[in-house]
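Coordinate-derived values only; no laboratory data. Everything quoted here is computed from the prediction, not taken from an experiment. Positions of Cβ are generated from backbone atoms using ideal geometry, with glycine treated the same way; all protein chains shown enter the neighbour counts.
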Amino acid sequence: MDFFDALRTSSSALSAQRVRMNVISSNLANINTTRTHQGEPYRRKDVVFAAQPNSSFQTMLRSQIARNLSGVRVAGIVSDPSPLQLKYDPQHPDANEEGYVSMPNINLMEEMVNMISATRSYEASVAAINATKGMALKALEIGR
């Protein structure tokens, strides 16, 4: 693995975690949305990651010997199929005949933990990029 492979791997992780943070932010923004444009409560979304093969020609040649995956990509954004929460609020305009309102299936604590995890992953990728840059600079200094 050369410096550019390391930078590509870290930058793909940065992009994936940025998408994850956007989805988490959307979940938090819609924590009380009882009616979307489809007419039903907002459903929690989650990001699915997948390994991404490095696409350089040299890496493809090397991968014939050993399966070489580097990087991550967003494979998709899926809706959480868990049941909606029912809250008793007979005054709410979306309440059913019994006075219950279907609320989104979003757990604030779970979303906050996911946000902290995404932030830490993003910070780790930034640290890896900085370490790679530092190694490249040291290699140039040795060559002087």
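Brief remarks on what is shown
- Helix-only CD estimate at 222 nm, as mean residue ellipticity for the chain, using -39500 (n - 2.57) per DSSP H run (n ≥ 4): -16500 deg cm²/dmol
- A cut-off under 13 angstrom between Cβ atoms defines the neighbours of ARG8, and their net charge, with Lys, Arg +1 and Asp, Glu -1, is -1.
- Our note on the geometry: Cα centres of region 1-15 and region 90-144, 19 Å apart.
- Seen from ALA136, the other residues with C-beta closer than 15 Å to its C-beta sum to a net charge of +1, counting Lys and Arg as +1 and Asp and Glu as -1.
- For the chain, the convex hull drawn through the C-alpha positions has a volume of 136 cubic angstrom per residue.
- The chain: angle of helix 3-29 to the longest principal axis, Cα-based, in degrees nearest 10: 10 degrees
- Placing +1 on the Cβ of every Lys and Arg and -1 on the Cβ of every Asp and Glu, with no other charges, gives the chain a dipole of roughly 880 debye about its Cα centre.
- For the chain, the longest site-free run once GluC sites (Glu not before Pro) in DSSP loop states with at most 16 other Cβ atoms within 10 Å are removed: 1-96
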